[in-house]
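As structure tokens, the structure follows; a few thoughts come after it.
The values are calculated or read from the model by the stated rules, or taken from the named source; none is laboratory data. A quick note: this is a predicted structure, and the numbers were derived from the prediction, not measured. Note that we place each Cβ from the backbone using ideal geometry, even for glycine, and neighbour counts take in every protein chain shown.
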Amino acid sequence: GAVVSQHPSWVICKSGTSVKIECRSLDFQATTMFWYRQFPKQSLMLMATSNEGSKATYEQGVEKDKFLINHASLTLSTLTVTSAHPEDSSFYICSARRILAGGLADTGELFFGEGSRLTVL
Amino acid sequence: GQSLEQPSEVTAVEGAIVQMNCTYQTSGFYGLSWYQQHDGGAPTFLSYNALDGLEETGRFSSFLSRSDSYGYLLLQELQMKDSASYFCAVRDNYGQNFVFGPGTRLSVLP
């Protein structure tokens with residue numbers, strides 16, 4: 001099956017610093033990747049849709065300048081949390097769609113990375 | 001707007017059958033997916049319905065009624081390892097966006 005790898009799994013940083021999280025599709029090309037944020041015992045909140053070669057589309061209420069998303073290749077998207085503060089502490093998860101060849105309809109499946117738990121001190 | 005509703009918690013015993021419902025209101029609809037997430041882990045795909053009816057995959061079945069904007073996930077022969085959160089997700093906006101429901105936390109008791 002398709003594999004999405006996310007790094008780092010855990011990160012602890014000081015307030016005011018920036019943290020970069022990588023999301024890689026290992027065995028397929030992902031023109032679209034999604035970034036989510038999840039608080040304990042809550043649902044996945046879509047932050048932004050990352051499109052290869054173009055600007056990300058952010059959900060309402062998500063600060064573009066604080067959560068920088070770059071999708072420079074068909075297998076890599078990065079999320080950078082800039083000037084992190086304790087309220088940014090959360091579980092961040094990426095996912096990717098696998099586009100099938102020949103115009104076939106995909107299964108609607110999203111492939112998720114393992115998630116990155118960010119703690120800002 | 002987009003909204004999905006799921007019961008917050010369900011409890012059942014090993015070997016039983018449990019049904020978890022999902023109702024949705026979205027601006028567009030292309031399909032309904034179900035995901036399982038254990039505490040601290042990533043969501044994993046369970047099932048997808050684009051058309052009305054029942055889809056079966058082993059112990060898991062998923063149902064969709066587009067006219068009722070309703071679907072459910074059915075788990076049979078429950079096992080302790082099935083204790084997890086289950087999220088429904090709607091594909092909308094020409095299939096580009098995926099919106100997740102609040103999730104149902106399933107607890108399986110011995």
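Points to keep in mind about this one:
- Here the condition is being away from every other protein chain (no Cβ under 11 Å), part of a strand (DSSP E or B) and within 29 Å of B:ALA84 (Cα to Cα); of A:LEU68, A:LEU118, A:LEU46, it holds for A:LEU118 alone.
- B:GLY15 being exposed (fewer than 15 other Cβ atoms within 10 Å of the Cβ) and under 30 Å from A:SER9 (Cα atoms): no
Condition check ((1) under 12 Å from B:MET20 (Cβ atoms); (2) at pLDDT below 95; (3) surrounded by fewer than 18 Cβ atoms within 10 Å (Cβ to Cβ); (4) touching a helix residue (DSSP H, G or I) at 6+ places or on another chain (Cβ under 8 Å)) across all residues:
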site: B:GLY41; (1), (2), (3), (4): no, yes, yes, no
site: B:PHE45; (1), (2), (3), (4): no, yes, no, no
site: B:THR57; (1), (2), (3), (4): no, yes, yes, no
site: B:GLN76; (1), (2), (3), (4): no, no, yes, no
site: B:ASP82; (1), (2), (3), (4): yes, no, no, no
site: B:TYR86; (1), (2), (3), (4): yes, no, no, no
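- Identity of the residue in the range B:66-102, outside any loop (DSSP other than H, G, I, E, B) and touching an Asp or Glu at 6+ places or on another chain (Cβ under 7 Å), that ends up nearest to the other protein chains (Cβ to nearest Cβ): B:VAL99
- Checked against the criterion of being small (Gly, Ala, Ser), within 15 Å of the chain's Cα centre (by Cα) and at positive phi, the range B:66-80 contains one or more residues that satisfy it.
- Residue that is of a type outside the set (D, E, K, R), buried (at least 17 other Cβ atoms within 10 Å of the Cβ) and modelled with pLDDT under 90, where the choices are A:LEU46, A:LEU104, A:LEU118, A:LEU110: A:LEU110
- Which listed residue is under 13 Å from the mean Cα position of the chain (by Cα) and either closer than 23 Å to A:GLN60 by Cβ or in contact (Cβ under 8 Å) with a residue 12 or more places away in the chain (or both), from B:PHE29, B:PHE98, B:PHE87: B:PHE87
- Criterion violated by B:PHE29 - all others in (1) touching a strand residue (DSSP E or B) at 6+ places or on another chain (Cβ under 7 Å); (2) more than 10 Å from chain A (Cβ to nearest Cβ); (3) surrounded by 13 or more Cβ atoms within 10 Å (Cβ to Cβ); (4) modelled with pLDDT of 95 or more satisfied: (4)
- The range A:71-98 - residue that is within 14 Å of chain B (Cβ to nearest Cβ) and of a type in the set (Ser, Thr, Tyr) and, of those, surrounded by the fewest Cβ atoms within 10 Å (Cβ to Cβ): A:SER90
- Top-ranked residue of the range A:25-43 - restricted to ones that are farther than 24 Å from A:VAL120 by Cα and either free of Cβ contacts under 8 Å to residues at least 60 places away in the same chain or of a type outside the set (S, T, N, Q) (or both), ranked as nearest to the other protein chains (Cβ to nearest Cβ): A:MET33
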